[in-house]
Every structure is written in C-alpha cells, then in structure tokens.
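**Q** First, the structure itself, so that you have it in front of you.
Taken together, the values in this text are just the output of simple stated rules run on the coordinates, not laboratory data. Every value quoted in this text rests on a predicted model; they were computed, and no experiment measured them. Note: ideal-geometry Cβ built from the backbone for every residue, glycine included; neighbour counts use all protein chains shown.
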Amino acid sequence: MQQIALDIGLATTPTLENYFPGPNAAALAHLQHWVGARADGAPSYLWGPEGSGKTHLLQAAVAALRAQGLRVGCLSAQTQEPAAFDESWAAVVMDDVHLYSEALQHKAFSWFVQAQTLLRPVLAAGRAAPVDLTLREDLRTRLGWGHVLGLQLLDETQSRAVLRQAADARGLVLSDEVMDFTLRRFSRDLGSLMQLLDTLDRYALQTQRALTIPLVKSMLENA
C-alpha cells in the first residue's frame, strides 16, 4: 500500500528535546553540545534523505541559541533576498544547501568566510554528503572539512517507538491496531510522525472521541 505524507494539522515547534533520534543519536548529541559550546571553530554539516530530521535539528539549534539571547544568521534555499553578514551574529545556519542557486552559493560562501574570520560557527545541512554536492568547489570543500554527520530514516521498529513515546507524552492511548493502521498509510519520516500525532491529538479533543481506527478515517475524510 502506498504511504502518503501528512499535510494536515500543525507541527510541533522543533526542539532538541522533541527530536526522536533513533539511529541519529550521535547527531543529536553533537547539536546538544554545539548550542552550548560552539567553540572549536570547525563547521558542522548534517546530511541525509528527506525526512531524516535535518531541518528539525537546524531549527531546534537556532531556537536554542535565540533562547540564550543570541542572534543567528539563517540562509535556506527559499531565501529571496539574503541579508549582508552581520557581525553581531553568534552563528550562521544554512539549510538545504543542495538546492542553492548560484546567487545563494555566492552569498553562502561570503557568509562562510566572514564567519570563519570572526570565529563564528557554521551549521549547515543538505541532502548529500559534501563530496557529492554539486556546488561551487570552494563552498563544497568548506562544508566538508569539519564535523560531518549522516542521518538515517527510522525503520519500522523505530517508527513505532517514536509514535509510542510521543503518544505517551501527550497522554494519548495509542493501541497497536491504530499504530499499525497509521504506519501503513503515512510516511514514517520524523516530521510526518510528529505532525500525525499533533493532528490526531487535536482531532480527538475536538470530537471528544477515543483514538480509534474509525476516528483516523474520519479525520482523513474531513481533512
């Protein structure tokens, strides 16, 4: 049966605490240290397939730095008019670098050079390992010379563990039957799983019904 990505409901705000690492515990540990230290000067680069949690981790790191009262320069493939580098930034974060246009690559390289000059850490993420990125060579090599951490998708056992842990944290009673039903029909990437639980939680509260397979079907029909 073809799985579908969940595009209804509201996703939880990404934090390091609500990231479910599964096989990616080393990356989570690195980011937990990074938001507190950021001191060794080497850039950090996360790579892996869509749904492995790259953007979640980057957004969580940015939120953690801002909670400390720090300013962060952020660049993504969707940035229309990138700002000039700001010396008040405590760090630079670049997401989806594999999608950067020529203009964004130029801006990213400029930010990278200035960040390194001022000893500001750079955290970046992309779909491919640095050696496989089709970017300008000077940017590609800079992304790859520091900490490079590959992320993996969750397998079925890990997906079930994520759903169980997230449901327990929300006080949701998630039966094995409902879990089987949802995992057969929804994408198992981290973002979709978290969005799925948020949506189920909201819909169950709105309808004042228990979390059952008929409830999930009703939610899909009314999405």
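**Q** So who's got an amide H within less than 5 Å of the one on residue 72, skipping anything under 5 residues away but keeping other chains? H placed 1.01 Å off N, in plane.
**A** 90
**Q** Out of residues 5 or more away from residue 45 or on other chains, whose amide H comes under 5 Å of its own, with H placed 1.01 Å from N in the peptide plane?
**A** Long-range HN contacts for residue 45: 124, 147, 148, 149.
**Q** So what does the Cα-only Debye profile of segment 156-221 read at q = 0.13, 0.16, 0.27 Å⁻¹, as log10 I(q)/I(0), no solvent term?
**A** Relative scattering, expressed as log10 I(q)/I(0), comes to -0.29, -0.45, -1.42.
**Q** Name all residues of segment 121-145 having a backbone nitrogen under 16 Å from the label point set 7 Å from the Cα of residue 106 along its Cα→Cβ direction, giving them as ranges.
**A** 136-139
**Q** Give the angle, between 0 and 90 degrees and rounded to the nearest 10, that separates the Cα long axis of helix 176-185 from the longest principal axis of the Cα atoms of the chain.
**A** Helix 176-185 sits at roughly 50 degrees to that axis.
**Q** Another question, then. If one takes the longest principal axis of the Cα atoms in the chain, at what angle in degrees, from 0 to 90 and to the nearest 10, does the Cα axis of helix 54-67 lie?
**A** Its long axis makes an angle of about 70 degrees.
**Q** Whole-Hz ³J(HN,Hα) for each residue in segment 87-94, computed from phi via Karplus 6.51 cos²θ - 1.76 cosθ + 1.60 with θ = phi - 60°, x for glycine and proline: what do you get?
**A** Once rounded to whole Hz, the list reads 5, 7, 5, 7, 7, 10, 10, 10.
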